[in-house]
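Just so it is clear, none of the values below were taken in a lab; they were calculated from the coordinates. Source: prediction; values computed, not measured. Neighbour counts are summed over all protein chains in view; Cβ atoms, including those assigned to glycine, are modelled from backbone coordinates with ideal geometry.
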Amino acid sequence: MKRFLSIMLIFVLIVTAMPLQVWAEEVLRPTGRSFPEPIITVTDMDMPSIDPGKSKNVSLTIQSMGNHALDVMVNPRFTEPISSNNFSSSISIGDINQNAKKYLDLNIAVAENAAPGNYPVVLDFSYYYNDGDGNKVPVSGKEVTIYVRVSGKTSASKLLISKISTEPEVILPNQDVKLNLLFENMGSLDANNVNIRLEGLDSAAGFFIGSGTDVKYLNRVPGNMVSSVSFDLKASPKITRGTHELEVVFKYGEIEERQKLYLIVGGSNVNESNLLIENLEYPTTGISPNKDFTLKFNLRNNGDTDAVNILVKAESTDPAVVPKSTSILKVNSLKAEETKDLSFVFTPTEDAITRNYPINITVEYEDEFNQGDDSKHTINQYVGMYVVAKDSDDTKGKPKLIIDKYSFEPQLVAAGENFEMSLSFYNTNSTKSVNNIKIFLTAEPGSTSNEGTATDSGSAFTPVDSSNTFYIDSIPPKGRVEKTITMFVVPDAIAKTHTITANFEYEDNEGNELKDIELIGVPVVQQSKLDLGELAYVPEAYMGQSTPISLEFYNTGKVTLYNMMVKLEGDFQTENAQYYVGNFDSGSSEYFEGYVIPNEMGDLTGDIVFTYEDSTGQVQEVRKEFSLNVMEMPDFEDPWGGEMPPMEEEAGLLKSKGLWITLGVIAAAIGGFVFYKKKKKDKELALDE
């Protein structure tokens with residue numbers, strides 16, 4: 001018996017003396033922290049501009065957010081007319097540490113016949129990441145889109161404002177202002193049927209149209225030629241001093257170009273002279289070659305002091321229009337509120353073609369503030385003279401009916417709502433009228449969505465309380481008629497610029513039937529909608545200890561939310577506080593979890609902030625607030641009575657299945673032996689009896 005017990009005790013001692021780390025590793029080995037999938041982004045990049053027929057080296061900064069990205073490969077995909085010269089299929093970038101940056105150089109080439117515009121380059125990334133359990137997880141199909149701008153240095157038409165002037169030069173509140181624009185066709189091809197629209201007007205506290213319209217029409221702007229237009233504006237009585245931004249929109253064919261300009265309101269200008277060009281008179285109909293025309297205007301001193309040494313020039317910017325009188329007049333002085341009548345005579349030559357020829361009126365003068373100095377006060381005024389060549393279609397061809405301007409109220413048309421569309425129908429012919437005009441509007445099919453796919457028959461627009469047909473009895477030469485129709489946009493219209501076709505059927509003076517069409521672009525937007533789930537968090541937290549905050553969010557709208565970012569904001573430290581979602585597709589859901597580490601006790605509030613760009617490019621922000629009651633970490637009683645607690649390996653050993661199985665076997669052996677000895681003793685006692 002003693003020998004067996006000795007053997008059992010020795011066995012137990014051997015088992016307990018085994019390295020505890022063997023079992024501790026089994027028990028305490030981490031089950032793996034779930035590391036997130038890294039997000040590859042392109043940062044710190046300006047849009048490169050490349051001329052047609054040229055190539056350029058573009059350096060891209062690649063960054064991995066949220067985790068390390070391993071064995072990163074990128075496959076750039078290009079859209080005509082963009083291509084590359086320095087890769088065949090894919091490029092290896094290697095490993096990118098979390099939040100670290102690497103650089104990728106692409107040689108991008110542009111075709112010679114490329115039209116000006118912005119073209120996408122899609123970077124298709126594939127890579128691996130470690131999920132925390134030792135697994136190397138593959139990721140593919142992650143796309144980032146960058147854009148390359150193709151410049152206008154090509155033979156294609158491109159209109160560019162070269163000079164801006166106002167009359168008067170110094171603008172005051174509640175004042176009439178003539179805005180003069182001199183622009184040039186930088187391409188070699190003509191720009192035909194050019195609509196020039198002025199945007200950014202504000203009748204409450206800015207500039208608005210004083211007379212005429214906010215749209216000008218030119219038949220043709222020849223390549224490499226200069227033309228001009230002017231707008232009659234008025235400054236609001238409540239306009240503020242400083243710079244006011246306006247935008248000029250050139251539209252011809254399928255091309256639309258936007259250019260910004262800035263007008264400065266200078267406040268009071270007492271004690272200075274201020275010359276104004278007023279009451280301009282010039283022919284408004286087409287002028288034939290070798291036919292004289294007279295340009296008349298009044299020059300008025302609107303200031304408080306005399307203007308002296310006044311030099312007035314009226315010059316054509318093209319040799320096809322020549323002066324028949326002196327082109328320079330000198331006025332010795334002009335007293336305050338005095339007016340001088342001036343006139344100049346011009347004539348088009350035989351070489352003149354049918355187009356608008358700008359004439360530049362320049363006035364230079366001095367007053368008591370700059371007399372004797374090299375600098376002079378200068379004002380400019382541009383006048384457009386429309387010349388019709390003898391063989392022009394405007395005099396002997398068929399009359400042409402166009403839409404010279406159109407507008408929407410509101411400007412961005414929302415799906416599911418009504419909008420007003422105003423159309424101006426213009427007869428471009430200078431001698432012939434158009435009669436018995438029927439105009440009917442049709443919309444393109446495939447404009448509505450059905451579970452994300454465009455249908456073949458759906459139209460986005462429906463007339464409200466009217467038909468889609470207009471009838472106009474007659475439009476005289478160079479005349480126009482305006483019509484307004486209310487349209488409804490169906491709720492499932494695709495967010496894009498839709499095309500409405502205006503179909504013209506009309507007759508000329510001889511009763512010949514003519515047909516034509518005009519296209520109208522209507523920008524339709526879908527309202528973005530981001531829904532947030534319930535916040536998941538424990539409202540009580542301890543100072544210095546991390547507390548998880550999480551929620552699920554959904555795109556319940558019908559358009560993609562672009563460049564979505566989720567982050568924690570508040571007066572606290574954070575962990576995993578920022579999550580870049582990227583493009584959040586319609587019908588998708590995502591999950592965010594971050595950690596708050598309070599710095600002070602008491603009530604603590606914070607926000608989960610969602611930012612994204614909607615279909616119009618506007619940045620939207622949605623906030624979800626939460627509050628925590630922060631307490632001090634409680635003191636726990638020492639269960640070991642001040643002694644050294646058991647080692648971590650021993651604690652792990654106690655949880656080991658192997659340990660408990662071994663001890664169970666030992667206990668069963670000892671119990672069996674004791675039971676055997678007891679039975680043997682009972683049997684011996686029975687024999688003795």
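Taking 25 °C and 0.890 mPa s as the conditions, I'd like the Stokes-Einstein D for segment 149-284 in µm²/s, using the Kirkwood hydrodynamic radius from alpha carbon pairs.
It comes out at roughly 153 µm²/s.
Pull up all non-local amide H partners of Val581: gap of 5 or more, or a different chain, and H-to-H distance under 5 Å with H placed in the peptide plane.
So Val581 has HN proximity to Met564, Met565, Val566.
What list of ³J(HN,Hα) couplings, whole Hz, do you get for segment 605-618 from phi and the Karplus terms 6.51, -1.76, 1.60, once you set θ to phi - 60° and write x for glycine and proline?
Each residue's phi maps through the Karplus curve to give 10, x, 9, 9, 10, 10, 10, 7, 9, 7, 5, 8, x, 7 Hz.
With equal scatterers on the alpha carbons only and no solvent term, can you work out the Debye log10 of I(q)/I(0) for segment 530-631 at 0.15, 0.17, 0.19 1/Å?
The Debye formula, applied to the Cα set alone, gives -0.60, -0.73, -0.86.
How long is the gain from Leu261 to Ser211 if the chain were fully straight, where each residue apart is worth 0.36 nm and the alpha carbon distance is subtracted?
Contour length minus the Cα-Cα distance gives 16.0 nm.
Report the charge-dipole magnitude of segment 159-386 in Debye, nearest 20, computed about the Cα centre from +1 at each Lys and Arg Cβ and -1 at each Asp and Glu Cβ.
480
Rounded if a/c is under 1.5, else prolate if a/b is larger than b/c, else oblate: which is segment 258-336, with a ≥ b ≥ c the root eigenvalues of its Cα gyration tensor?
It is oblate, given that a/c is not under 1.5 and a/b is not larger than b/c.
Report the label-to-label distance for Leu342 and Arg623 in nanometres (one decimal), using points 7 Å from each Cα along the Cα→Cβ vector.
For Leu342 paired with Arg623, the spin-label model returns 5.9 nm.
Once segment 48-102 is represented by equal point scatterers at the alpha-carbon sites, with solvent omitted, what log10 I(q)/I(0) does the Debye formula produce at q = 0.25, 0.26 Å⁻¹?
-1.05, -1.08
Stretch Asp232-Ile520 to full length: gain in nm at 0.36 nm per residue minus the Cα-Cα span?
That works out to 101.1 nm of additional length.
What spacing in nm lies between the two simple spin-label points modelled at Asn309 and Lys56, each 7 Å away from Cα in the Cβ direction?
Computed distance between label sites Asn309 and Lys56 equals 4.6 nm.
Once phi is turned into θ = phi - 60°, what whole-Hz ³J(HN,Hα) does the Karplus curve with 6.51, -1.76 and 1.60 give for every residue of segment 484-494, x standing for Gly and Pro?
10, 10, 9, 10, 10, 9, 5, x, 9, 5, 5
Express the C-alpha Rg of segment 39-150 as a ratio against the empirical globular expectation 2.2 N^0.38 Å, rounded to two decimals.
1.15
Scan around Ala460 for amide H atoms under 5 Å from its own, H built in the peptide plane at 1.01 Å from N, and keep only partners 5 or more places away or cross-chain.
Ser447
DSSP loop (so not H, G, I, E, B), at most 10 other Cβ within 10 Å: list which GluC sites (Glu not before Pro) in segment 275-353 pass both filters.
The qualifying sites are Glu337, Glu350.
Take Lys400, Lys313, Lys238, Lys405 and order them by how many other Cβ atoms sit within 10 Å, fewest up front.
By the 10 Å Cβ count, ascending: Lys238, Lys313, Lys400, Lys405.
Based on a Kirkwood Rh over C-alpha pairs, give the Stokes-Einstein translational diffusion coefficient of segment 397-525 at 25 °C and viscosity 0.890 mPa s in µm²/s.
Stokes-Einstein gives a translational diffusion coefficient of 158 µm²/s.
Percent of Cα-Cα pairs more than 30 Å apart in segment 159-386, please.
Tail of P(r) above 30 Å: 27 percent of Cα pairs.
Cα extents of segment 115-180 along the three principal axes, largest first, in whole Å?
75, 38, 11
Taking amide H positions as placed in the peptide plane 1.01 Å from N, state which residues far from Lys54 in sequence (5 or more) or on other chains have amide H under 5 Å from it.
For Lys54, the qualifying residues are Val110.
Find, among the chymotrypsin sites (Phe, Trp or Tyr not before Pro) in segment 300-381, those assigned to loop by DSSP (not H, G, I, E, B) with at most 13 other beta-carbon atoms within 10 angstrom.
Within segment 300-381, the qualifying chymotrypsin sites (Phe, Trp or Tyr not before Pro) (loop, at most 13 other Cβ atoms within 10 Å) are Phe369.
Given points 7 Å out from each Cα along the Cα-Cβ axis, report the Glu534 to Lys483 separation in nanometres with one decimal.
Reported label-point gap for Glu534 and Lys483 is 5.7 nm.
As a footprinting exposure proxy, order Lys515, Lys142, Lys56 by other Cβ within 10 Å, with the fewest listed first.
By the 10 Å Cβ count, ascending: Lys515, Lys56, Lys142.
Would you kindly calculate the translational diffusion coefficient of segment 90-214, applying Stokes-Einstein with the Kirkwood radius from alpha carbon pairs, for 10 °C and a viscosity of 1.306 mPa s, and quote it in µm² s⁻¹ without decimals?
Reported coefficient: 76 µm²/s.
Let me know the number of lysine pairs in segment 397-525 closer than 24 Å at the Cα, not counting same-chain pairs under 8 apart.
Lysine pairs, 8 or more places apart or on different chains, close enough: 24.
Kindly state, to the nearest 0.05, the FRET efficiency for Met73 paired with Glu37, given R0 = 22 Å and r defined as their beta-carbon distance.
0.85
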